[in-house]
Amino acid sequence: MDHIDIIQPDDWHLHVRDGDFLKTVVPHTAEHFARAVIMPNLKEPLTTAQSAMSYKERILKSVPDHLNFEPLMTLYLTDHIKASEMAVAKAHGVVALKLYPAGATTNSDLGVTNIKHIYPVLEEMQKLGLLLLVHGEVTDPSVDVFDREAVFIDRQLIPLRKDFPGLRIVFEHITTKEACEYVQSVDEGLAATLTAHHLLLNRNAIFKGGLRPHYYCLPVLKRETHRLALLQAASSGDARFFLGTDSAPHLASLKEHASACAGCYTASVAMSLYASAFESVGRLDQLERFASLNGPAFYGLGQNTRQLRLKKLPLKVHDAYPYGLGELKPLFAGETLEWSAQLL
Ligand code: NCD
Ligand code: ZN
């Protein structure tokens, strides 16, 4: 097969940062994706509808004129966010709220310290039909970093779903067999996003020939058995799994650092990566469901009308992009990928 055409995809989990950085990364996503769910973990987290709306305006200003792109806005849950803000958020078109356990990842210091603190907020979200997006890792330092997602399911997610059976939840960027199996066991109201890097790489990548910070993200890459389970779930046609790149740009100087930031930058080549992953298991026929149909269905939004062509054409990944006053190095920088993507 030398090409496939799919309905234009959406990215259901994306970091674009702010200020000058937007000019580099927003065009990369808008070139292929029609919409993206924008993560609210800015240096000053987005906790009000007002702040999310002005951020949306700044993002839109960075979209090249010839492209249409819709940022779908989210708010950041803190211990102190007000339940009354939920109706305001809904009225302004905010689609979801993001739960970062405090300390779990980049810019999560103001995240939730105890999920019980936000029960009134969750009650209101359930009533209004606002989605809850979860970074599903416990932060208990006694739990091994590779087990934090699996432990989160038992300690947090199962009790949470019991207390809020009507709350629609997306388990973000899942990385384990346990998470796949848990999502598959729930009939209603739970879905998961999967990144391209977790479908293509296992944890050996972080240590190949030396310590490789560009492969460091959270949740951290896992062993091969988990990667295979993720790939099977994503390509099975199951509507509960859909695309979320978790493309997370950081200055190269902060990635190549004694305490490297977590996050892989994949936005510019994401569809090439997903195509390779699906091709590796002979399931390119399922890519459209995963990338373009399952996400809108879970969020209750319409399907896109344009088409994206994926062509079996070598694509050299840029070594780096200018990024603010520094540079941004994409995952697989300098390597050649097998698929190219183009909006029709
Ligand atoms: C993300 C970031 O840099 O904002 N980093 C990452 O490793 N994925 C945050 C997140 O989604 O955990
Ligand atoms: Zn993320």
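Which one is nearest to ligand 1 (Cβ to nearest atom) among residues in the stretch 1-41 that are among the β-branched types (Val, Ile, Thr) and more than 17 Å from the chain's Cα centre (by Cα)? Restricting to residues being among the β-branched types (Val, Ile, Thr) and more than 17 Å from the chain's Cα centre (by Cα), the top hit is 24. Any residue in the stretch 78-94 that is within 16 Å of ligand 2 (Cβ to nearest atom), in contact with a strand residue (DSSP E or B) (Cβ under 9 Å, 6 or more places away or on another chain) and among the hydrophobic types (A, V, I, L, M, F, W, C)? There is no residue in the stretch 78-94 that is within 16 Å of ligand 2 (Cβ to nearest atom), in contact with a strand residue (DSSP E or B) (Cβ under 9 Å, 6 or more places away or on another chain) and among the hydrophobic types (A, V, I, L, M, F, W, C).
Among the residues of the stretch 60-72, write down those that are among the aliphatic types (A, V, I, L, M) and either within 17 Å of the chain's Cα centre (by Cα) or exposed (fewer than 14 other Cβ atoms within 10 Å of the Cβ) (or both). I'd like the intermediate steps shown before the answer.
Looking only at the stretch 60-72, we keep the residues that are among the aliphatic types (A, V, I, L, M), and these are 60, 63, 67, 72.
Matches in the stretch 60-72: 72 only.
Residues of the stretch 208-239 that are buried (at least 22 other Cβ atoms within 10 Å of the Cβ), away from ligand 1 (no atom under 14 Å from the Cβ) and assigned to a loop (DSSP other than H, G, I, E, B): 235 alone.
Just give me the residues in the stretch 309-329 being within 20 Å of the chain's Cα centre (by Cα) and in a strand (DSSP E or B), in sequence order. Steps first, please.
At the first step, the residues of the stretch 309-329 found to be within 20 Å of the chain's Cα centre (by Cα) are 328-329.
Within the stretch 309-329, 328 is the sole residue that qualifies.
Quick grid of which residues meet (1) part of a helix (DSSP H, G or I); (2) more than 16 Å from ligand 2 (Cβ to nearest atom); (3) of a type in the set (Ser, Thr, Tyr); (4) surrounded by 19 or more Cβ atoms within 10 Å (Cβ to Cβ):
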position: 137; (1), (2), (3), (4): no, no, no, yes
position: 142; (1), (2), (3), (4): no, yes, yes, no
position: 147; (1), (2), (3), (4): yes, yes, no, no
position: 150; (1), (2), (3), (4): yes, yes, no, yes
position: 154; (1), (2), (3), (4): yes, yes, no, no
position: 170; (1), (2), (3), (4): no, no, no, yes
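Which ones in the stretch 243-259 are in a loop (DSSP other than H, G, I, E, B), within 16 Å of ligand 2 (Cβ to nearest atom) and either of a type in the set (Ser, Thr, Tyr) or surrounded by fewer than 20 Cβ atoms within 10 Å (Cβ to Cβ) (or both)?
Our first condition is that a residue be in a loop (DSSP other than H, G, I, E, B); within the stretch 243-259, this holds for 244-246, 248-251, 256-259.
Narrowing the set further to residues that are within 16 Å of ligand 2 (Cβ to nearest atom) leaves 244-246, 248-250.
Correct list: 245 only.
As for the stretch 330-338, it holds at least one residue that is touching a Lys or Arg at 6+ places or on another chain (Cβ under 7 Å), modelled with pLDDT of 95 or more and in a strand (DSSP E or B).
Contact annotation: residue pairs with Cβ atoms under 7 Å, 6 or more positions apart or on different chains, pairing a residue in the stretch 123-137 that is closer than 15 Å to residue 95 by Cβ with a partner that is of a type in the set (Asp, Glu) and part of a loop (DSSP other than H, G, I, E, B), are 133/172; 134/172.
Taking residue 44, is it within 16 Å of ligand 1 (Cβ to nearest atom), of a type outside the set (Lys, Arg) and without any contact (Cβ under 8 Å) to a residue 12 or more places away in the chain?
yes
Exactly one residue among 278, 242 is more than 17 Å from residue 179 (Cβ to Cβ) and under 19 Å from the mean Cα position of the chain (by Cα), and that residue is 278.
Somewhere in the stretch 93-102, is a residue farther than 17 Å from residue 164 by Cα, within 16 Å of ligand 1 (Cβ to nearest atom) and modelled with pLDDT under 95?
Narrowing the stretch 93-102 to residues farther than 17 Å from residue 164 by Cα: 93-95, 100-102.
With within 16 Å of ligand 1 (Cβ to nearest atom) added as a condition, the list becomes 100-102.
If we keep only those that are modelled with pLDDT under 95 too, we end up with 101-102.
Yes.
In the stretch 262-286, the qualifying residues are those that are surrounded by fewer than 18 Cβ atoms within 10 Å (Cβ to Cβ) and among the hydrophobic types (A, V, I, L, M, F, W, C), and the one that is nearest to residue 236 (Cα to Cα) is 281.
The values are calculated or read from the model by the stated rules, or taken from the named source; none is laboratory data. Quick caveat, the model's predicted, so the values are computed rather than measured. Counting neighbours? That spans all protein chains shown, and the Cβs are built from the backbone with ideal geometry, glycine included.
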